[in-house]
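Only one structure is covered here, and it is reproduced in the block below.
The values are calculated or read from the model by the stated rules, or taken from the named source; none is laboratory data. Computed from a prediction, not measured in an experiment: that's the story for all the values here. When we count neighbours, we look across all protein chains shown, and the Cβ atoms used for this are built from the backbone with ideal geometry, even at glycine.
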Amino acid sequence: MEIFKIDNLEKSFQNGEVEEQVLNGIDLTLREGEITALVGASGSGKSTLLTIAAGLQPATGGEVVFNGKNLSKMKQDQVREIRAEKFGFIFQSSHLVPFLTVEEQLILMLDVAGSKMKKKEKSKEVTRVLKLVGMEHRQHAYPSSLSGGEKQRIAISRAIIHQPSIVFADEPTASLDSKRSIEVMELIQELTKSLNITTLLVTHEEEMLQYTDRVITMKDGLIEESA
């Protein structure tokens, strides 16, 4: 089922007296339960496309429609509310808060998403989600005691704890070795399918593409190829 549609998306930046066009009319549809990968050389526009789709920066032109709602025409506080409740994020770095335990990190995400759960219910939900990523034994650990692969698994659990519709993953394996990268991508693939999430992934690692459903190749702000 179609859940996300990008129509004629444009983005330009003012660089002194020169206007630089980064996106040149992008059309893209995302479906439930699928991983769509954005690939392309540095400067092709893939990360800009992801951040605009995720509501992290505005477009210059075109539309971003999520579940029938046109985010491009909404006020910023409305977009922020949808982003907090319905979107999940995984980045190259885990961005864990150093002075919070794993459980506290995930409970904070539930609070940001506006969860009405009571304290004990939140703790049980944290345990449930950590089991999905094989990290329930690290529930009370601090980030300093976690390996790079463990941190990224916690980042994944944080991205799905509030049951989002879409997960935006920007180079989630770039800082990991090949073994940990495969483990993380297998986990993202498994969760996308089992939870029926839509995942939009930016990556430059070709070996990760085998875990995706669609590959969109970008060049000079345009979609050059879709497979």
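A compact table of results
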item: Qualifying residue in the stretch 185-203 (condition: in a strand (DSSP E or B), surrounded by 16 or more Cβ atoms within 10 Å (Cβ to Cβ) and touching a Lys or Arg at 6+ places or on another chain (Cβ under 6 Å)); result: yes
item: Given (1) touching a Ser or Thr at 6+ places or on another chain (Cβ under 7 Å); (2) surrounded by fewer than 18 Cβ atoms within 10 Å (Cβ to Cβ), index of the condition residue 106 fails; result: (2)
item: Conditions (1) in a helix (DSSP H, G or I); (2) exposed (fewer than 13 other Cβ atoms within 10 Å of the Cβ); number of the one not met by residue 116; result: (1)
item: Residue, farthest from residue 61 (Cα to Cα), within the stretch 12-31, restricted to residues that are under 20 Å from the mean Cα position of the chain (by Cα) and either surrounded by 15 or more Cβ atoms within 10 Å (Cβ to Cβ) or polar (S, T, N, Q) (or both); result: 30
item: Residue match in the stretch 94-114 (condition: β-branched (Val, Ile, Thr) and without any contact (Cβ under 8 Å) to a residue 24 or more places away in the chain); result: yes
item: Matching entry among 157, 145, 181 (being at pLDDT 95 or above, polar (S, T, N, Q) and surrounded by 15 or more Cβ atoms within 10 Å (Cβ to Cβ)); result: 157
item: Verdict on residue 176 being free of Cβ contacts under 8 Å to residues at least 40 places away in the same chain, surrounded by 17 or more Cβ atoms within 10 Å (Cβ to Cβ) and either polar (S, T, N, Q) or assigned to a loop (DSSP other than H, G, I, E, B) (or both); result: yes
item: Failed criterion for residue 145 (all others in (1) touching a residue at least 40 places away in the same chain (Cβ under 8 Å); (2) out of contact with any helix residue (DSSP H, G or I) (no Cβ under 7 Å at 6 or more places or on another chain) hold); result: (1)
